[in-house]
Every structure is written in structure tokens, then in C-alpha cells.
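A.B. asks: To start, I am sharing the structure in question, which I have written as C-alpha cells.
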Amino acid sequence: MGKGCGMDRLALGRSGLDVTPIGYGAFKIGRNEGIKYPHDYDLPDEREASDLLRGLLDLGIAFIDTAPAYGLSEERIGRALADRRHEFTLSTKVGETWEDGRSTFDFTRTGMERSVARSLERLQCDSVDLLLVHSDGGDMELHERHGIDASMRRFRDRGDTRAIGFSGKTTDGMLRALEWSDVIMVEYHAGDRTMEEVIRVAGDRGIGVLIKKGLGSGHLDPAAALGFLLRESPVRDAISSIVIGSLSLDRMTSNVEMACT
């Protein structure tokens, strides 16, 4: 992170993708149930979601992360940004789905194939830039029982995605994922540095690193949290983008400004 400046695009490891230091996590435009945020919120309507997404691109944010588990998020991105698809790097996930008010996981080959096909249809594109495994927390079991790496390589080889990776929850599982991933996504902030060694190893191997919950799901002061990730963390140079979710363009503007100082 320290090697870039402002909102210049940074290489996402050796994946061939680039991202901006601040990315957008599109959870809140699609789902407001089963949340971990400190405050409840209403879902935006279609026009509000579209204005927000297009405003983020205008702001210079060029990385958007979504997932089938984010409710309406994928289809709203597809409708709002299909005509601007070339302007940003798009990431979605496979393994978890949110329907009828509950989350389900399916890591079978058939289930994953169905999920990816549905995501591409909703996003209105032939392929995404990045596809991540949406772990259920059993990271090692996904590797040892489900052989998740073979499924992900198949999606990349077939052209459904340019790069593949893992969004997990355990250090052992994340280290295992470094054996095949182009990119990893990990929770990391000043209050939880569990993944610091994983990030360091990923950086040494040229694997792209995305940070989720960098603001502690809204529980941390944004200025202090971003200050740590951008300027104080010992692994800051291995981090390419901090993915932040918000329904406020003003708040995202503030986050971008903090990244530019």
C-alpha cells in the first residue's frame, strides 16, 4: 500500500488485475438482515443504489466486491454498471447464498457451477475479474474434503474469471489457500492482527491481498483504522485494497480523502 499514492491503481499481486487502495464492498446495497454492523439500516431503493454505485466510480473507486450472499447486490450492480463494466475490477464469490432470509452453503461441484452461472447472469457479464471462495469458516475442510482448489482452477481455466482466490477465516486455512490462490481476502485491522503473518507470506509470494472489515464492521474510528492500514501496519506494502461497505457517498468520499493524504 505504501508504494502507491492517492487513488492510483495498484497491482493486485501478480494476478494481472489492478485495484484502487479503497474498494467498495457491496453488501449494504443488497441485504440488511443477519448483519454484524452496529446499527440497523434500510435498503436503498433501485435508484438510490444505482446513484451510489455510479457515484463511487465517479469518485475514482475502481474495485467493487460482491457475492451471492449479499442479497440483491449482484443484480443491482449488473443493472447499474453494465455500461461501465470496463471502468472497474469486479469481484464476486462462490459457496454461500442468501435466500428467503437465511444463508446456505454449497461447495459441491454442481452447486458451485450453478452459483457462478447465476452470478454472471445477475452481473450481466460473461466473466468476472476475480472469483473468491466464500468460506463457511471450515477452511481446512474445504481444501481437504471438497478439493476447492480444483473447482476454482476450473472456473479460471474456462474463462468464467480471470483470477481466483479465497476469503477465509482461519490462519491454517488461509496459508493452505496460498498454495493455489492468485488473491486472498482477509479480515485485518488494529484490533485483530491474527492474519498479519498470512498477509506477509502472501506478499512475499506475489499473491494479491484484499482487506475486509478493515473498519471493524463499523465499530472502529475510520480515520484511526485507515491510518493503521495505510501507514502504520508492518505489512502495509502487501495490501492492495481495503474493501469498505457504506450507503453514504459522503462517507466513501471521506475514506478516499484519507487514503490520499
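The values are calculated or read from the model by the stated rules, or taken from the named source; none is laboratory data. Keep in mind the model is a prediction, meaning the values are calculated, not measured. Every residue, glycine as well, gets a Cβ built from its backbone with ideal geometry; the counts of neighbours run over all protein chains shown. The area values use the complete protein model at the heavy-atom level, side chains included, leaving out ligands, DNA and RNA. Shrake-Rupley method; radii C 1.70, N 1.55, O 1.52, S 1.80 Å.
A.B. asks: Enter the accessible area per residue of segment 74-177 (Å², integer; probe 1.4 Å; all protein chains in place). Please list the in-between numbers first.
C.D. replies: Details: 4570 Å² over 104 residues.
Normalised by residue count, the accessible surface of segment 74-177 is 44 Å².
A.B. asks: Excluding the sites themselves, what is the longest stretch of the chain that contains no trypsin sites (Lys or Arg not before Pro) in a DSSP loop with at most 12 other C-beta atoms within 10 Å? Please report the intermediate quantities before stating the final value.
C.D. replies: Numbers: sites that count: LYS3, LYS36, ARG145.
No qualifying site falls inside 146-261, the longest such stretch.
A.B. asks: Using 0.36 nm per residue of separation minus the Cα-Cα distance, give me the extension gain between ASP83 and TYR37 in nm, one decimal. The partial results should precede the final answer.
C.D. replies: On the way: separation 46, 0.36 × 46 = 16.56 nm, distance 3.14 nm.
Full extension from ASP83 to TYR37 adds 13.4 nm.
A.B. asks: Please tell me the relative contact order of segment 159-261 in percent, rounded to the nearest whole number, where contacts are Cα pairs under 8 Å and at least six residues apart. Show your work: numbers first, answer last.
C.D. replies: On the way: 137 pairs, mean separation 23.6, N = 103.
Relative contact order of segment 159-261: 23 percent.
A.B. asks: Okay, moving on. Counting only helical runs of four or more DSSP H residues, what would the 222 nm mean residue ellipticity of the chain come to if each run contributes -39,500 (n - 2.57) and the total is spread over all its residues? All intermediate terms of the calculation are to be shown ahead of the outcome.
C.D. replies: Working: 9 runs with 90 residues, N = 261.
The per-residue figure over the chain is -10000 deg cm²/dmol.
A.B. asks: As an exercise, use a Förster radius of 25 Å and the Cβ-Cβ distance of GLU46 and MET258 to find the FRET efficiency, rounded to the nearest 0.05.
C.D. replies: Numbers: r = 30 Å, r/R0 = 1.20.
Efficiency at R0 = 25 Å is approximately 0.25.
A.B. asks: GLU187 to ASP58: extension gain in nm, 0.36 nm per residue of separation minus the Cα-Cα distance?
C.D. replies: Working: separation 129, 0.36 × 129 = 46.44 nm, distance 2.70 nm.
Computed gain between GLU187 and ASP58 is 43.7 nm.
A.B. asks: How high is the relative contact order of segment 52-169, given as a whole-number percent (alpha carbon pairs under 8 Å, six or more residues apart)? Show your work: numbers first, answer last.
C.D. replies: Numbers: 181 pairs, mean separation 29.3, N = 118.
It comes to 25 percent, rounded to a whole number.
A.B. asks: Also, quick follow-up: Sticking to Cα atoms, compute the Rg of segment 165-261 to one decimal and its Dmax as the biggest Cα-Cα distance, whole number, in Å.
C.D. replies: Final numbers for Rg and Dmax: 13.2, 39 Å.
A.B. asks: If the cut-off is a Cα-Cα distance under 22 Å, which lysines reach LYS36, setting aside same-chain residues fewer than 8 apart in sequence?
C.D. replies: LYS28, LYS93, LYS169, LYS212, LYS213
A.B. asks: In Å and from the alpha-carbon atoms only, list the Rg and Dmax of segment 1-65.
C.D. replies: Using the Cα atoms of segment 1-65, the pair Rg, Dmax is 14.4, 39 Å.
A.B. asks: With the chain treated as a Gaussian network of Cα nodes joined by springs under 10 Å, which of HIS39, HIS146, HIS219 yields the largest mean-square fluctuation?
C.D. replies: Residue with maximal mean-square fluctuation among HIS39, HIS146, HIS219: HIS39.
A.B. asks: Rounded to the nearest 20 Debye, what is the dipole magnitude of the chain about its Cα centre when Lys and Arg each give +1 and Asp and Glu each give -1 at the C-beta? Can you show the working numbers first?
C.D. replies: On the way: 34 positive and 43 negative charges, 97 e Å.
With only Lys, Arg, Asp and Glu charged at Cβ, the dipole is about 460 debye.
A.B. asks: Taking the convex hull of the Cα atoms, report for the chain its projected area averaged over all directions, in nm².
C.D. replies: 12.1
A.B. asks: Counting only the heavy atoms of the protein chains, how much of THR161 is accessible to a 1.4 Å probe, in Å² to the nearest 10?
C.D. replies: 10
A.B. asks: Roll a 1.4 angstrom probe over the protein heavy atoms and tell me the percent of accessible area of the chain that is carbon or sulfur.
C.D. replies: Numbers: 4880 of 11180 Å².
Carbon and sulfur atoms account for 44 percent of the accessible area of the chain.
A.B. asks: Right, next: Between ASP106 and ARG236, what length in nm is gained on full extension when 0.36 nm per residue of separation is reduced by their alpha carbon distance?
C.D. replies: Working: separation 130, 0.36 × 130 = 46.80 nm, distance 3.37 nm.
Extra length from ASP106 to ARG236 when fully extended: 43.4 nm.
A.B. asks: Additional query: With contacts defined as alpha carbon pairs under 8 Å and 6 or more residues apart, what's the relative contact order of the chain in percent? List each step's numbers first, then the result.
C.D. replies: Details: 522 pairs, mean separation 62.0, N = 261.
It rounds to 24 percent for the chain.
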